[in-house]
Amino acid sequence: MFALDALPQKPMRVFLHGLALGLASFRRLIALTSVLGFIGLIPAMFLAEKAGDSQISGEFMLQMLKQGHNAIAILALQFLILTISLYINTLVIYRIDGTVHDKQDHGDLLQALHKMPSLLLALLLVIVTLLVGYLISILLGMLFGAIAGVFLGHAAVVAVFVVCIVATLIYICIYIIFFQFAIVLDGKGAVEALNFSTSLVFRNWWRTFQVLLYLTFIIAGIAIMAVLPFAIITPHAHWLEAFTEMDTGRTLLIKGVLRLVATVIFAPFGAGILYVLYHDLKLRRVVRTTPTSAIQA
């Protein structure tokens with residue numbers, strides 16, 4: 001059994017407690033995260049087979065999509081990957097919850113299956129929300145980019161445009177990131193789960209972002225340390241070429257394998273952090289919605 005805090009905690013405490021939960025759940029999650037990593041490798045395998053050692057440019061993708069069967073295959077493959085990933089992530093949440101409450105894993109396969117209709121509907125709503133947010137971010141990027149361009153030149157237009165899009169999508173994603181936890185752990189419906197996730201993050205957006213930023217820094221730091229020995233012995237020109245050249249089928253497959261390994265290693269800790277953060281935000285919501293007189297009593 002893994003003891004959670006009974007009171008809201010500071011972001012660093014939430015982060016460290018989430019890491020501890022991920023470590024405690026690692027053995028229960030390793031098979032699931034391996035499947036999740038392999039599923040993420042499938043698109044790279046598909047493109048690698050089509051491209052071989054050729055560069056995967058925009059023109060290559062356009063020519064491939066012009067063939068109707070390729071376009072249908074890609075759409076079907078993406079839908080299948082999203083559906084299976086959603087199911088696996090649901091099992092991950094159940095397994096972490098099992099670690100917290102010292103429950104066995106029996107029956108979670110069927111429980112996860114029962115949650116799929118609500119999860120798929122919620123995912124569709126998330127996609128629509130992100131598309132609307134993307135369109136809004138384009139308008140904002142064009143507006144602020146034009147203003148910046150007047151004072152700072154053409155380069156500022158592109159930079160401000162990109163920043164507006166990225167910042168808007170991150171802002172929206174933070175608000176709706178807990179919809180799956182709300183459906184799986186609290187039995188919410190699709191729309192109710194999105195509203196519940198938003199209400200949890202409301203007034204706690206920066207706190208939530210801060211915890212996730214810690215995880216991002218840790219992963220980036222480990223990645224840098226992993227490639228540092230190769231960077232030392234490899235000429236800088238080769239590194240620049242590696243970052244600027246387009247992927248070939250071979251390099252895309254290599255990167256896909258590296259993402260698979262990263263998913264297997266880091267996904268349990270990421271899931272543990274999200275679980276503890278979800279718990280912390282629910283505690284904060286209770287405190288926020290409880291009348292002062294009741295708290296004093």
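Remarks
- For the stretch 74-109, filtered to residues that are more than 20 Å from residue 30 (Cα to Cα) and touching a residue at least 12 places away in the same chain (Cβ under 8 Å), the residue that is surrounded by the most Cβ atoms within 10 Å (Cβ to Cβ) is 74.
- Selection of the stretch 265-289 for residues being farther than 20 Å from residue 183 by Cβ, hydrophobic (A, V, I, L, M, F, W, C) and more than 14 Å from the chain's Cα centre (by Cα) yields 265, 287.
- Qualifying residue in the stretch 126-139 (condition: buried (at least 18 other Cβ atoms within 10 Å of the Cβ), in contact with a Leu (Cβ under 9 Å, 6 or more places away or on another chain) and under 30 Å from residue 23 (Cα atoms)): yes
- Some residue of the stretch 271-288 being modelled with pLDDT under 85, outside any helix (DSSP H, G or I) and of a type in the set (Val, Ile, Thr): no
- Cβ-Cβ contacts under 7 Å between residues 6 or more apart (or on different chains), taken from a first residue in the stretch 110-137 that is closer than 30 Å to residue 157 by Cα to a second residue that is surrounded by 16 or more Cβ atoms within 10 Å (Cβ to Cβ) and among the hydroxyl-bearing types (Ser, Thr, Tyr), are listed as 133/168; 136/168; 137/168.
- For the stretch 245-252, the count of residues that are more than 23 Å from residue 9 (Cβ to Cβ) and either at pLDDT below 70 or in contact with a Cys (Cβ under 6 Å, 6 or more places away or on another chain) (or both) is at least one.
- Scanning the stretch 142-171 for residues that are modelled with pLDDT under 90 and of a type outside the set (A, V, I, L, M, F, W, C) gives 145, 149, 153, 154.
The values are calculated or read from the model by the stated rules, or taken from the named source; none is laboratory data. Here the structure is a predicted model, which is why all the values come from computation and not from measurement. A quick note on method: Cβ atoms are made from the backbone with ideal geometry, for glycine too, and the neighbour counts reach across all protein chains shown.
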